[in-house]
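Notes follow the structure.
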Amino acid sequence: MHNQAFSVSLCRRKTSLLMAAFLGIFVCGSAGAQKPLAVGDYPNRPIRFVIGFPSGGVSDTIARVISEKLGQELGGRVLVDSRPGAGGVLAMGIVANAAPDGYTWYLGQPVLSISKLFKNKPSYDPLQALAPMTLLGTGPTAMVAHPSLPVRSVKELIEFVKKQKDPMHYGSSGAGSTNHFAGALLAVTANIPLIHVPYKGAAANTLAVMQGEIPLAFQPLAAAMPHLQSGRLKGIAVTGIKRSRAVPGLPTIAETLPGYRVEAWYGIVVPSQTPTAIIEHVSKVTNGVLVDPEISSTLLKRGLEVETSTPAEFGALIQEDALRWEKLVKQAGIQFD
């Protein structure tokens, strides 16, 4: 297997996003079907911001960090609604079936791109049922271990696992999550036996590895950072294509396994056919909120590197992400239950 197949350069991604924006391509949701409606008095009632993971987790934290400021700037209230289940698919379905009036948002992340690869995939196509509003940022997954695991690097981990009689178990925040994929990709790339143990959210996954229930876990960097700083977890590496500004001392897996790359993105998506004027208005307001030094600093401390975008640029990212996941899953022979 050629590891280079697992890499899409950041420069190439940025170029493709800019090209999509230049051409006016709206690659997620149905642009032609969107209603040209003036913003008017929007919002005139609370906005429901649906997240697919438990309260207190990474998704919940990101949503709450921006929701109050967004509400202030929009002139209304943004209420975070946690609807965990099926790795985010349950919440995604709630929003996909909501009225396309701009009052129901979903905190989109790679499950939107990956879910069509699940054995029990949604009955609808998320890329058609949901429309991109704005990107919030990106962040790598962290590979962490219980302090007692006698490894300090990716190389040592690979050597250790290969010497063991039985496969090593690793935890994630749910089947089909970015964390799940990160472990599965490591297994096939490094040719080591790993068994996936899904948990209900990042908090449960974190607790399991800290208590020694599992020796290894992949989890959003935001969830891992406090425990890395306290020493209750041992950081091995991050899964992004480059080191994270939040923890620059933690190497990437790609430094040992060239081409390895798993990154999570977070953004706001809405039901397709949501009025274009509302999508563009919220996108511009959100971009202004994200560049607020206090907001961007708070998100960075939680492992999220802020990135602003237009709806078209965000849509191009989602489409590229979906194609990349599909290619990698087929090449690696990974199966999602």
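The values are calculated or read from the model by the stated rules, or taken from the named source; none is laboratory data. Predicted model, so just to flag it, every value in this text is computed and none were measured. Methodologically, a virtual Cβ is constructed for each residue, glycine included, from the backbone with ideal geometry; neighbour enumeration extends over all protein chains shown. Just the protein is used for accessible areas: all its heavy atoms, side chains included, with ligands, DNA and RNA removed. Shrake-Rupley method; radii C 1.70, N 1.55, O 1.52, S 1.80 Å.
See the values below:
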| read-out | value |
| --- | --- |
| Segments 195-202, 69-76 sorted - mean Cβ within 10 Å per residue, highest first | 195-202, 69-76 |
| Built amide H within the under 5 Å cut-off of I214, gap 5+ | V209 |
| Largest to smallest accessible area among T206, T308 [probe 1.4 Å] | T308, T206 |
| For the chain, accessible area per residue (1.4 Å probe, heavy atoms of protein chains only), Å² | 42 |
| Cα-only radius of gyration and Dmax that characterise region 212-337, units Å | 17.3, 51 |
| Accessible surface of the chain, 1.4 Å probe, proportion on carbon and sulfur as whole % | 53 |
| Region 43-67-region 233-296 distance, computed between alpha-carbon centres (Å) | 16 |
| Interchain or long-range residues, amide H under 5 Å from E307's placed H | G137, T138 |
| Candidates N205, N97, N179, ranked by Gaussian network fluctuation over the chain, Cα under 10 Å, top entry | N97 |
| Region 44-106, relative contact order [Cα under 8 Å, separation at least 6], % | 46 |
| Within the chain, percent of DSSP bridges classed antiparallel, to nearest 5 | 60 |
| In order through region 292-305: 3J(HN,Hα) via Karplus (6.51 cos²θ - 1.76 cosθ + 1.60), integer Hz, x for Gly, Pro | 4, x, 5, 5, 5, 5, 4, 5, 5, 4, 9, x, 10, 8 |
| Dipole magnitude of the chain, debye to nearest 20 (Cβ charges: Lys/Arg +1, Asp/Glu -1, about Cα centre) | 660 |
| Computed magnitude of the charge dipole of region 57-126 (debye, nearest 20; Cβ of K, R +1, Cβ of D, E -1) | 260 |
| Among 104-112, 42-50, the order from most to least packed when residues are scored by Cβ within 10 Å on average | 104-112, 42-50 |
| Listed pairs K119/K200; K162/K242; K234/K301; K121/K327; K116/K234 exceeding 23 Å between Cα atoms | K162/K242; K116/K234 |
| Qualifying lysines (Cα of each under 18 Å from Cα of K163; at least 8 residues distant if same chain) | K155 |
| In order through region 214-227: 3J(HN,Hα) via Karplus (6.51 cos²θ - 1.76 cosθ + 1.60), integer Hz, x for Gly, Pro | 9, x, 9, 8, 10, 8, x, 4, 4, 6, 7, 3, x, 7 |
| Ratio Rg/Rh, restricted to the chain and using Cα atoms, in which Rh is the Kirkwood radius | 0.96 |
| Per-residue ³J(HN,Hα) for region 73-88, Karplus 6.51 cos²θ - 1.76 cosθ + 1.60, θ = phi - 60°, Hz, x for Gly and Pro | 6, 7, x, x, 10, 10, 9, 7, 10, 7, 10, x, x, 6, x, x |
| Highest average packing first - 209-216, 155-162, 183-190, Cβ atoms within 10 Å | 183-190, 209-216, 155-162 |
